[in-house]
Amino acid sequence: MPTLTLPAEGGCRCGRVRLKISAKPLLTMACHCTGCQSMSSSAYSLSAAIPSEGFEITKGEPVVGGLHGASKHYFCGYCMTWMFTRPEGIDWFVNLRPTMLDDHTWFAPFIETWTSEKLPWAATAAVHSYEALPSFEEYEPLVAEYAGIQG
Ligand SMILES: [Zn+2]
Ligand SMILES: [Zn+2]
């Protein structure tokens with residue numbers, strides 16, 4: 001299996017916004033919710049939770065899109081690629097769309113969420129599936145388990 005090499009750089013479809021990560025993901029996810037289906041124009045979204053101190057915009061200025069609600073979804077203002085999300089009330093990690101990274105061949109979702117809303121045929125390689133979201137208490141053991149399989 002390909003592995004993530006740090007630091008790793010990436011950017012939007014047009015290259016006007018570029019970013020760099022220098023920390024491993026805490027968790028990787030696929031989300032089947034209907035909001036993510038709309039935002040991704042696909043069956044589910046992909047996320048890698050990157051610790052904030054290991055996440056940097058190196059070029060350009062992403063703009064807020066989506067519902068403009070409490071969770072902030074960031075896009076390239078020119079090509080409109082959905083790049084990353086800062087979830088409501090959370091500042092210690094950023095949910096990066098892993099396909100922004102120039103090399104994302106290492107990515108696989110460790111958990112999948114909102115399977116209650118998924119398209120009947122949609123399947124992922126996730127190890128853990130949730131009809132909605134994991135409970136707050138479940139995140140710490142999930143992060144520990146994911147760190148263990150990363151070696
Ligand atoms: Zn762009
Ligand atoms: Zn979702």
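Taking (1) at pLDDT 95 or above; (2) within 16 Å of ligand 2 (Cβ to nearest atom); (3) in a loop (DSSP other than H, G, I, E, B); (4) surrounded by fewer than 15 Cβ atoms within 10 Å (Cβ to Cβ) in turn, Met80 satisfies each apart from (2).
Restricting attention to region 83-107, which residues are open to solvent by 40 Å² or more (accessible area, probe 1.4 Å) and in contact (Cβ under 8 Å) with a residue 12 or more places away in the chain?
So in region 83-107, the residues open to solvent by 40 Å² or more (accessible area, probe 1.4 Å) come out as 86, 88-92, 99, 102-105.
Across region 83-107, the qualifying residues are Arg86, Glu88, Gly89, Asp91, Trp92, Thr99, Asp102, Asp103, His104, Thr105.
Within region 96-123, the set of residues being in a loop (DSSP other than H, G, I, E, B) and over 24 Å from Gly11 (Cα atoms) comprises Trp114, Lys118, Leu119, Pro120, Trp121, Ala122, Ala123.
Looking only at region 1-35, filter to residues that are within 13 Å of ligand 2 (Cβ to nearest atom) and not in a loop (DSSP other than H, G, I, E, B); which one of those is surrounded by the fewest Cβ atoms within 10 Å (Cβ to Cβ)? It would help to see each step written out before you state the result.
At the first step, the residues of region 1-35 found to be within 13 Å of ligand 2 (Cβ to nearest atom) are 29-35.
So of that shortlist, the ones also not in a loop (DSSP other than H, G, I, E, B) come out as 29-31, 34-35.
Working: Met29: 26, Ala30: 25, Cys31: 25, Thr34: 11, Gly35: 16.
Among residues in region 1-35 that are within 13 Å of ligand 2 (Cβ to nearest atom) and not in a loop (DSSP other than H, G, I, E, B), the one surrounded by the fewest Cβ atoms within 10 Å (Cβ to Cβ) is Thr34.
The condition of being open to solvent by 50 Å² or more (accessible area, probe 1.4 Å) and of a type in the set (Gly, Ala, Ser) holds for only one of Ser45, Ser38, Ser71, Ser52, that being Ser38.
Hey, can you tell me all the residues within region 129-142 that are open to solvent by less than 50 Å² (accessible area, probe 1.4 Å) and touching a residue at least 12 places away in the same chain (Cβ under 8 Å)? Steps first, answer last, please.
Residues of region 129-142 that are open to solvent by less than 50 Å² (accessible area, probe 1.4 Å), as a first pass: 130, 132, 134-135, 142.
Answer for region 129-142, where residues must be open to solvent by less than 50 Å² (accessible area, probe 1.4 Å) and touching a residue at least 12 places away in the same chain (Cβ under 8 Å): Tyr130, Ala132, Pro134, Leu142.
Pairing residues of region 47-67 that are under 11 Å from Lys24 (Cα atoms) with residues that are among the polar types (S, T, N, Q) and open to solvent by 30 Å² or more (accessible area, probe 1.4 Å), at Cβ distances under 6 Å and at least 6 apart in sequence or on separate chains, gives Gly54/Ser22.
The values are calculated or read from the model by the stated rules, or taken from the named source; none is laboratory data. Keep in mind the model is a prediction, meaning the values are calculated, not measured. A quick note on method: Cβ atoms are made from the backbone with ideal geometry, for glycine too, and the neighbour counts reach across all protein chains shown. Ligands, DNA and RNA are stripped out before the accessible areas are found, and what is left, the full protein with its side chains, is counted by its heavy atoms. Shrake-Rupley method; radii C 1.70, N 1.55, O 1.52, S 1.80 Å.
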